[in-house]
Structure formats: structure tokens, C-alpha cells
Amino acid sequence: MSPPDTNVEKQKQKHAGPIIGITAGLVFAAIILVVYLFFIVSPEDNSPDNTPTGDAVQTDGNATIQPSDAATDQNPSSN
């Protein structure tokens with residue numbers, strides 16, 4: 001059942017504000033999503049971080065652990 005005095009033009013005017021607000025919210029959410037995806041996909045900082053590279057950790061195969069090395073261990077919880 002519909003009301004007998006439906007005025008479509010008046011209803012358009014009453015609903016214009018909420019429709020504009022919903023549209024603005026969706027546009028804002030889309031912009032935030034694009035910015036978020038940009039930061040996820042962008043490469044990380046390429047500054048040096050003192051992490052040894054493959055060349056820095058290569059040995060001649062004769063590396064042994066000496067008892068004196070335990071005194072200079074930087075992670076004592078692993079002992």
C-alpha cells in the first residue's frame with residue numbers, strides 16, 4: 001500500500017542530502033583504500049641496515065667455534 005499523496009519531487013528534495021553524504025563517504029573510502037594499497041605495494045626503505053649480505057657471511061668451510069667465543073656472545077639467553 002502506498003500513501004495517497006506521494007509527491008516524487010518533494011521526496012527527491014528530502015533525500016538529496018543523505019544521498020550526497022553517502023556518495024561522499026564512498027568516495028572518501030575509495031581514496032583511503034587506494035592510498036592503503038599504494039603503501040602496501042610500494043617498496044620498503046632501501047637504506048643500509050647492517051644486515052650481512054651473502055658475501056659477508058661466506059666462509060672457507062673451516063669455521064669452528066672456540067670456547068673463548070662464548071664470552072663475546074651477544075645473545076646470552078641462547079646459551
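What follows is calculated from the coordinates using simple rules that are stated; it is not laboratory data. This is a predicted model, so every value here is computed, not measured. All Cβ positions, even for glycine, are placed from backbone atoms using ideal geometry, and neighbour counts span all protein chains on display.
Shown is the FRET efficiency for I32 and Q11, computed with R0 = 35 Å from the Cβ-Cβ distance and rounded to the nearest 0.05: 0.65.
The string of couplings for the range 23-35 from the Karplus curve (6.51, -1.76, 1.60, θ = phi - 60°) is 5, 5, x, 5, 5, 4, 5, 5, 5, 4, 5, 5, 5 Hz, one whole number per residue in order, with x for Gly and Pro.
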